[in-house]
Every structure is written in structure tokens, then in C-alpha cells.
Amino acid sequence: MASIPLRLKDHSYDVLIGPGVRTSLADIVRRLGAGRAVVVSARPEEWVPDTGVETLLLPARDGEQDKTFATVETLCGEFVRFGLTRSDVVVSCGGGTTTDVVGLAAALYHRGVAVVHLPTSLLAQVDASVGGKTAVNLPAGKNLVGAYWQPSAVLCDTDYLSTLPRREMRNGYGEIARCHFIGAPDLRAMALPDQIAASVRLKARVVEADERDAGLRHILNYGHTLGHALEKATAYTLRHGEAVAIGTVFAGRLAGALGRVGRARVAEHEDVVRHYGLPAALPVETDPADLLRLMRHDKKAITGLAFVLDGPTGAELVGDVPQEVVAHVLGQMPRAPLADLVDTPEPAAASAPTAATARTAPVAAASAPTAGRARS
């Protein structure tokens, strides 16, 4: 088991990584002094660990379709009906969508109640569950409304990963791939648990230095500007990690076009992305003009198009990138049918995690949050 500390001025917690760490939940709830818990789970009940206190279990559903204010409102209504107080705890058990929505509900309910994350997807373990960002989507774009709300603990149980379908594993590798260009060592030869730990360790150090995106934390959005636009433009047919992978290739090409990096570094972006079996081309169905419009809605864009780009001193936020340069690089990107981009061969790196054990029951998506049932 790896234990990675995240220490902030007013709040600190640990990220535990390894098989079986979900069983630490009851001890964490006890240390928080909570008398009640609400567990919001997108996974079967048998994968939800005991909290040690009276618990309301609410079913959830991973996927962008439920990453909305309506879901947050539904959850908060269930908190009220259960009698959850500010001294109690909310627990998320699911992928990145569940982590984001539950985190935002916990941030808003009673102006803040403790939350513990049990990320069950690779993407959520390496990124979404760590760092305190929560958000929901608007029709205009992804993650446009949210809050910073740090968890009280994160339990990255690698047993959960043995249940994931191939494509969902690949989705997580999109966030691992972008780590190569924001300060991580070469992760390609590492075992999966070590890749997770290295990704979390990098993010923890960045968040400690810049919790609220005042500067350095922007580097965590490497590949995300185009990535978020692609998610929206494809009606989320491209999953987050897949879209970020394409955005990472684009970021390398854009940095090259601006003279920030040389040809070898540009090529390295595609080499890393393809190593993980991730897509590296734009969908032929997308219109570059639409992508430009969507990228202007990016949260980093203040006075013009902004991207996190590689450069002589590493990755940094670059603002006011000329639209004609962005359009030219988009036009030079390889293109492929969307159906091909979401169905590429499985990479050797994306096999079931070596640290995962025993249980391999399929992960079934539950219905959207509805009235749950209490257990003690």
C-alpha cells in the first residue's frame, strides 16, 4: 500500500493506494467523529465497504448525462430527508462523474460537509478524486460550475480496477499519458499501481503549491482545452481520457508551431499517447470552427485562447494564442472516423492490474440517484 500525503495550510489528508484499502473507511469515519454517513455509489452494493455508522446508500450512475445541477439537487434532498448534519460525512464510490457530483453536493450542503472518496475507475484514481475540484456541466460546456472542496481522505482501492472494461481502463490512461509532459518521470515501464502512485504524487505536490488555480495548478489541465471541446463536440461519445489524449497530441503540435519545442518533443507527445493505445487524431465528424468556439469557453481563457503548453522550462499556461495558429494546427492534425477512435486495440499496458485480487464481478451502472435505503 502507498500512502501519499496532501498537506494544505488549512486542510490535510492522505491518499491510500493499494488492494483492499477501501476497508479503511470505517476507521476514517470514526476519526472524523461522524454519527451518520451517506454513501453515493455507482457500483454494486457488495463493493461498498462498511462505514461503521448508520448509513444511507444512494445509487448513482457514472457518465456525463448525470453531471448536472439536477443530480446535485437530488442528492442534497436525500441528505435532508436522512437528517444528515454538518458533523456527518458523505462518501462517493464510483468514477470521475460520481466523484465530481458528490463532491459538489458535499461542498454545498449546509455550506460544507466532510466527504471521503472511493474512486473506482482508473481515471478517478489518478486524477478526479484528488485535489478538491468539483464541478458539473452546463449546456455550453464541461465543468463550468463548481467549487473547491477538499476530501477528508481518498481510498484508491486497486481491487476495483479488476472489474473495469477495457475501454474504461484506457480512459484512465489518458490522464496518465499527460503526466509525462507536466513533470512526471517516464511512467511507461512502471506497473500500474506505481503509475497511479506517481500520478497522484505529482498532483498532490502541485495542489499543495497552488490549491485554487492561481498559477502552477494550470499545468494539470495539459491537453484539456481541446479535450473538453472534443467531449462536448462529440456529445461525449469520446470519453474524457480519450479526448485529453487527442488534446495532448494537439498541445505538442501547437507548442511546436509556436517555436516552444522542437520536432523530437512534438513527436514524443504522439509516441506516449499511442503507447497507451489512446487515440491521437481528430474525429472527421468535428468542425474546427466549432472546436475553436468551444475552446473559447474554457475556464483558462480570459482575453483569448489559452492553452497549457510545453516549453524550454516545462509546461505553463500560455494566453492569447493567435487564433490563426490554433486553426492551422487543427487543420494539420490527422483525422479519423469517430467510430475508429473509440475502438482501438487494447495496449499491453492496459491489462488488468497486477495488484488487483479476487473479486471480478461486473460493474453495473445503477439508476440515477433515487431514494436510498438506510443500513446500520
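The values are calculated or read from the model by the stated rules, or taken from the named source; none is laboratory data. What you see is a predicted model; the values in this text were computed from it and never measured. For neighbour counting, all protein chains shown are included, and Cβ atoms are generated from backbone atoms with ideal geometry for every residue, glycine included. Side chains included, ligands, DNA and RNA excluded: accessible areas come from the protein's heavy atoms. Shrake-Rupley method; radii C 1.70, N 1.55, O 1.52, S 1.80 Å.
Looking only at the range 130-161, which residues are open to solvent by 20 Å² or more (accessible area, probe 1.4 Å) and of a type in the set (A, V, I, L, M)?
If the condition is that a residue be open to solvent by 20 Å² or more (accessible area, probe 1.4 Å) and of a type in the set (A, V, I, L, M), then L138, A140, L144, V145, A147 are the ones that fit.
Considering only residues that are among the small types (G, A, S), touching a Leu at 6+ places or on another chain (Cβ under 9 Å) and more than 18 Å from G252 (Cβ to Cβ), which ones fall in the range 287-327? Explain how you work it out, then say what you get.
Step one: list which residues in the range 287-327 are among the small types (G, A, S), which gives 289, 301, 304, 306, 311, 314-315, 319, 327.
From what's left, touching a Leu at 6+ places or on another chain (Cβ under 9 Å): 306, 311, 315, 319, 327.
The answer is G319, and nothing else.
Counting only residues that are over 16 Å from A114 (Cβ atoms), more than 20 Å from the chain's Cα centre (by Cα) and aliphatic (A, V, I, L, M), which one in the range 1-54 is surrounded by the fewest Cβ atoms within 10 Å (Cβ to Cβ)?
Among residues in the range 1-54 that are over 16 Å from A114 (Cβ atoms), more than 20 Å from the chain's Cα centre (by Cα) and aliphatic (A, V, I, L, M), the one surrounded by the fewest Cβ atoms within 10 Å (Cβ to Cβ) is M1.
Hey, could you check the range 106-129 for residues that are touching a residue at least 40 places away in the same chain (Cβ under 8 Å) and open to solvent by 10 Å² or more (accessible area, probe 1.4 Å) and say which is nearest to L57 (Cα to Cα)?
Among residues in the range 106-129 that are touching a residue at least 40 places away in the same chain (Cβ under 8 Å) and open to solvent by 10 Å² or more (accessible area, probe 1.4 Å), the one nearest to L57 (Cα to Cα) is A114.
Could you go through the range 137-151 and let me know if any residue there is part of a helix (DSSP H, G or I) and either modelled with pLDDT of 95 or more or closer than 25 Å to G252 by Cβ (or both).
Going residue by residue through the range 137-151, those that are part of a helix (DSSP H, G or I) are none.
No - not one qualifying residue is present in the range 137-151.
Filter the range 171-205 for residues that are over 21 Å from A280 (Cα atoms), in contact (Cβ under 8 Å) with a residue 24 or more places away in the chain and of a type in the set (A, V, I, L, M, F, W, C) and give the result.
Within the range 171-205, A191, L192, I196, A197, V200, A204 meet the criteria.
For the range 24-64, which residues satisfy the criterion of being assigned to a strand (DSSP E or B) and closer than 13 Å to V90 by Cβ?
Of everything in the range 24-64, those that are assigned to a strand (DSSP E or B) and closer than 13 Å to V90 by Cβ turn out to be R36, A37, V38, V39, V40, S41, T55, L56, L57, L58.
If you take the residues of the range 267-301 that are over 19 Å from E324 (Cβ atoms) and of a type in the set (A, V, I, L, M, F, W, C), which of them is most open to solvent (accessible area, probe 1.4 Å)?
Checked the range 267-301; the qualifying residue most open to solvent (accessible area, probe 1.4 Å) is V284.
Go through the range 186-221 and give me each residue that's buried (at least 21 other Cβ atoms within 10 Å of the Cβ) and assigned to a loop (DSSP other than H, G, I, E, B).
Passing the criteria: only L187.
One residue is enough: does the range 67-79 have a residue meeting the conditions basic (K, R), out of contact with any Cys (no Cβ under 7 Å at 6 or more places or on another chain), within 30 Å of I176 (Cα to Cα) and buried (at least 17 other Cβ atoms within 10 Å of the Cβ)?
Let us first name the residues in the range 67-79 that are basic (K, R), namely 67.
Okay, now just the ones that are also out of contact with any Cys (no Cβ under 7 Å at 6 or more places or on another chain), so 67.
After this cut, where a residue has to be within 30 Å of I176 (Cα to Cα) as well, the list is 67.
Going one step further and asking which of them are buried (at least 17 other Cβ atoms within 10 Å of the Cβ), we end up with 67.
There is at least one residue in the range 67-79 that is basic (K, R), out of contact with any Cys (no Cβ under 7 Å at 6 or more places or on another chain), within 30 Å of I176 (Cα to Cα) and buried (at least 17 other Cβ atoms within 10 Å of the Cβ).
When you look at L164, is it surrounded by fewer than 24 Cβ atoms within 10 Å (Cβ to Cβ) and under 20 Å from V48 (Cα atoms), yes or no?
Yes, satisfied.
I need the full set of residues from the range 234-266 which are under 17 Å from G331 (Cα atoms), surrounded by fewer than 24 Cβ atoms within 10 Å (Cβ to Cβ) and touching a residue at least 12 places away in the same chain (Cβ under 8 Å), in order please.
Once the filter is applied, which keeps residues that are under 17 Å from G331 (Cα atoms), surrounded by fewer than 24 Cβ atoms within 10 Å (Cβ to Cβ) and touching a residue at least 12 places away in the same chain (Cβ under 8 Å), the range 234-266 yields R253, A257, L258, V266.
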